[in-house]
Amino acid sequence: MHDRPTVDELLRAVEMLLDEQLVPTLDGSRKYNARVAANVIRIARRELQHEETQLDAEWRGLDMLLAPAARPATLAATKQQLMERNRELSERIREGDADGGRFRELTLAHVREVVHAKMEVSNPEWLATG
């Protein structure tokens, strides 16, 4: 484990540099690009902040929809397995399994939760306006 500064602290420092020191001094496309870069850093910070709980929630949701599965030991393996499990869910949706009944209800609830989690990372302000 690394000591300080943490990854979040490092990203926050770059975010502040962009927002507070560079953006005010720039014009045109350079200003726009600096704002985009600062926003990318904010998204990365939120993803790091929420990643563990969101992956866990998505895994549990897929366990309810598909056969329960043991979660892999590593983060990379978990992400890979989530992609595979999501492909399996997508196939079941394409086959019509979610066209009605309890599976449809569970699928819609799961998809809403996953989309909410994605919005929580990409732009939480959108959630406040809805």
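Things worth noting here:
- Out of PRO68, PRO5, sole residue that is exposed (fewer than 12 other Cβ atoms within 10 Å of the Cβ) and within 16 Å of HIS110 (Cβ to Cβ): PRO68
- Counting only helices (runs of 4 or more DSSP H) that sit completely within region 1-113, those holding 3 or more residues that are among the β-branched types (Val, Ile, Thr) correspond to 28-65.
- The set of residues from region 9-25 being hydrophobic (A, V, I, L, M, F, W, C) and either touching a Leu at 6+ places or on another chain (Cβ under 7 Å) or more than 15 Å from ASN39 (Cβ to Cβ) (or both) comprises LEU10, ALA13.
- Being in contact (Cβ under 8 Å) with a residue 40 or more places away in the chain and in contact with a Ser or Thr (Cβ under 7 Å, 6 or more places away or on another chain) is a property that LEU65 has.
- Pairing each residue of region 3-18 that is over 13 Å from LEU48 (Cβ atoms) with any residue that is part of a helix (DSSP H, G or I) and aliphatic (A, V, I, L, M), provided the two are 6+ apart or on different chains, yields C-beta distances under 7 Å for VAL14/ILE41; LEU18/ALA34; LEU18/ALA37; LEU18/ALA38.
- Residues in region 14-58 that are surrounded by 12 or more Cβ atoms within 10 Å (Cβ to Cβ) and farther than 29 Å from VAL115 by Cβ: MET16, LEU17, LEU22, VAL23, LEU26, ARG30, LYS31, ALA34.
Computed from the coordinates by the stated procedures, all read-outs in this text should not be read as laboratory data. Note that this is a predicted model, so its numbers are computed, not measured. Because the Cβ atoms are built from the backbone with ideal geometry, glycine has one as well, and the counts that use them run over all protein chains shown.
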